[in-house]
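Colleague: Dropping a structure here in structure tokens format, bear with me for questions.
The values are calculated or read from the model by the stated rules, or taken from the named source; none is laboratory data. What you are looking at is a predicted structure, and each value in this text was computed from that prediction instead of being measured. Positions of Cβ are generated from backbone atoms using ideal geometry, with glycine treated the same way; all protein chains shown enter the neighbour counts.
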Amino acid sequence: MTNVVIIGAGVSGLSIAYRLQERLPQAAIAVLERDSRPGGTAWTLHEGGFQVEIGPNGFLDTKPTTLELCRDLGLGERLIRATAAAAQKRYLFLGDRLRLLPGGLASLIATDLLSWRGKLGLLTERFRKRRAPKPGDTERDESIAAFARRRAGAEAANLLADALVTGIYAGDPALLSLPACFPRVAALERQHGSVLKGMAAAARERRAAAQANGQPYERPGAMWSVREGLRGLSEALAGALKRPPLYGVAVRGLRTAAGSSSPSWTVLGDGQQSWTADAVVLACPAHQQAALLADVDAELAERIGQIPYNRIAVVALGYRRQDVSTPLDGFGFIAPQGLRRDVLGVQWCSSIYPGRAPPGAVLLRAMCGGWHRAEMVGWGDDRLVQALRGELRRAMYITAAPIFVKIVRWDRAIPQYHVGHLDRVAWIEKRLQRHPRLFLGGNAYHGVALNDCTEQGCVVAARIARTLVERNANLR
Ligand SMILES: Cc1cc2nc3c(=O)[nH]c(=O)nc-3n(C[C@H](O)[C@H](O)[C@H](O)COP(=O)(O)OP(=O)(O)OC[C@H]3O[C@@H](n4cnc5c(N)ncnc54)[C@H](O)[C@@H]3O)c2cc1C
């Protein structure tokens, strides 16, 4: 019997376990989780009739992996798609009021968010020269801010790149790496010479494929969730494992039986418990991976431990419907971080998916902190709520007190792929070759979205299965 131990039962660890048991049904797969429940950041609280996501709010259909996983798990009937209003309308919080973010060419031309010079900068992106690659250099690193300035001009870059980065990474566009954070955008420039040209070509291909299959064309980019919230996905994943995750196990170290011809791993729990494994997968956050590897390979541990994270406080606020005069006709708003406001953005959760608030109430979910305002995560509850009430008064004219408040603080929320990230990951992956059957998963390396985690679930599971099959063949 082949033993595999996976550390961490977030979506990453659970996806790896689920996809691995499909590939190696005979393997004994143990998932060890520090917490008392599965899901990590992907979890939903059901309190007072409100349904509050403590981390992610959904996943996009721009990659198929999470939708496929949900369907494989039998969640197809419970999948819900964000409402049309949420899909179409997003606002920016600028100059103490909400401004509609342009969603297409016509609204871009009409918007007063950009000057004519700014609009021209964006619209002429397709005519700008691509960056001349150096010989043998396919993926030179560049910050998101530098890329956006180079392709679309300073004005559009300052406004739109900041908004995009605030909405996804809550990070600094001048520090974050474009090819690491948005590899598809980098590829569009590389392959088509222009992001806009590349997007148009991709849309043409999708339309032709839909036509060939006799299906109606739908633009990808819709957000999805599960009726009971993303805990539905986490619980379904944990429930589909032949061996349920072991909860309440905070792994504290790893040992390898060096010298033996086929070394195995020993995973040490926080008490006397330990597990022997033919393969070990670290699917916990980077700082935890670094701590577990400190005695195995100090240099590897140090490099992994250097991956920075931001801090985020999620503040869910429930209001009586009559206390909110704004129509809530969209996804919510983003406050670009360049402004250093007390809020990064507010999602209008009860407008995005049905059933998120009890009748007669609405649910808003504010994000605070991020890369530039990390100190806010340390604020007490009262101070945090007061600050947010001030922001909501300015943005949405809400003066009433909320009828429901829930605060969740993430000291290490979202890994930040700064310029140099791809080199760091390449180094880490090369170094891993020194450690047979040690695998790394989680959101610290190849994408932070749920889609990236579920995609990596397939990639890492395939790698483990291949390695173990080869190794078992050699042992025979
Ligand atoms: C506030 C917030 C909003 C987000 N919004 C979105 C969104 O809308 N859409 C989207 O696609 N993505 C979003 N993300 C990103 C996405 O949620 C994460 O990237 C993804 O859930 C990470 O999953 P993971 O399994 O890699 O890590 P985690 O969810 O962090 O899971 C790691 C697990 O490891 C466990 N663990 C840690 N140390 C140990 C140990 N020593 N022993 C045993 N277990 C251990 C932890 O308890 C945890 O359960 C958001 C993230 C945050 C924080």
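Colleague: Restricting attention to segment 269-319, report how many residues are without any contact (Cβ under 8 Å) to a residue 60 or more places away in the chain, assigned to a loop (DSSP other than H, G, I, E, B) and in contact with a helix residue (DSSP H, G or I) (Cβ under 6 Å, 6 or more places away or on another chain).
Modeller: Total satisfying the criteria: 1.
Colleague: Is it the case that L388 is crowded, with 18+ Cβ neighbours inside 10 Å and either under 21 Å from the mean Cα position of the chain (by Cα) or of a type in the set (K, R) (or both)?
Modeller: So L388 fails the test.
Colleague: Looking at segment 420-439 only, could you name the residues that are assigned to a loop (DSSP other than H, G, I, E, B) and surrounded by fewer than 19 Cβ atoms within 10 Å (Cβ to Cβ)?
Modeller: G420, H435, P436
Colleague: How many residues does segment 392-408 contain that are within 26 Å of H46 (Cα to Cα) and not in a strand (DSSP E or B)?
Modeller: 8
Results for (1) over 19 Å from the mean Cα position of the chain (by Cα); (2) assigned by TED's automatic domain parsing to the domain that holds L440; (3) not β-branched (V, I, T), shown as yes or no for each residue.
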{"site": "R321", "(1), (2), (3)": "yes, no, yes"}
{"site": "V324", "(1), (2), (3)": "yes, no, no"}
{"site": "G330", "(1), (2), (3)": "yes, no, yes"}
{"site": "Q347", "(1), (2), (3)": "no, no, yes"}
{"site": "I352", "(1), (2), (3)": "no, no, no"}
{"site": "V362", "(1), (2), (3)": "yes, no, no"}
{"site": "G369", "(1), (2), (3)": "no, no, yes"}
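Colleague: For segment 93-129, name all the residues that are charged (D, E, K, R) and part of a strand (DSSP E or B).
Modeller: Selection gives R97, R99.
Colleague: Another question, then. Scan segment 183-225 residue by residue and report those that are of a type outside the set (D, E) and in a loop (DSSP other than H, G, I, E, B).
Modeller: Scanning segment 183-225 gives G193, S194, N213, G214, Q215, P216, Y217, R219, P220, G221, A222.
Colleague: Can I ask one more? Restricting to segment 429-460, count the residues that are in contact with a Ser or Thr (Cβ under 8 Å, 6 or more places away or on another chain) and closer than 28 Å to V185 by Cβ.
Modeller: 11
Colleague: Next question, about the same structure. Looking at (1) among the charged types (D, E, K, R); (2) crowded, with 21+ Cβ neighbours inside 10 Å; (3) touching a Phe, Trp or Tyr at 6+ places or on another chain (Cβ under 8 Å), which is the one condition that is false for R207?
Modeller: Every condition holds for R207 apart from (2).
Colleague: Report, by residue number, each residue of segment 407-442 that is in contact with a strand residue (DSSP E or B) (Cβ under 6 Å, 6 or more places away or on another chain) and within 9 Å of the ligand (Cβ to nearest atom).
Modeller: V408, W410, R412, A413, P415, G441
Colleague: In the list R227, R243, which residue meets the criterion of being of a type outside the set (A, V, I, L, M, F, W, C), away from the ligand (no atom under 16 Å from the Cβ) and modelled with pLDDT of 90 or more?
Modeller: Answer to the selection: R227.
Colleague: May I ask you to say which residue of I16, I80 is away from the ligand (no atom under 11 Å from the Cβ) and in contact (Cβ under 8 Å) with a residue 12 or more places away in the chain?
Modeller: When all the criteria are applied, what remains is I80.
Colleague: Do any strands (runs of 3 or more DSSP E) entirely within segment 25-92 hold 3 or more residues that are outside the structural domain of V281 (by TED's automatic domain parsing), at negative phi and among the acidic types (D, E), and if so, which?
Modeller: none
Colleague: Listed residues L113, L69; which is modelled with pLDDT of 95 or more and surrounded by 18 or more Cβ atoms within 10 Å (Cβ to Cβ)?
Modeller: One residue alone meets the criteria, L69.
Colleague: Tell me which residues, restricted to segment 286-309, are within 14 Å of Y417 (Cα to Cα), out of contact with any His (no Cβ under 9 Å at 6 or more places or on another chain) and within 12 Å of the ligand (Cβ to nearest atom).
Modeller: Within segment 286-309, A286 is the sole residue that qualifies.
Colleague: Oh, and also: How many residues does segment 369-391 contain that are within 21 Å of G167 (Cα to Cα) and not in a helix (DSSP H, G or I)?
Modeller: So the count comes out to 5.
Colleague: Separate question: Mind counting the residues in segment 146-182 that are part of a helix (DSSP H, G or I) and under 21 Å from V425 (Cβ atoms)?
Modeller: 8
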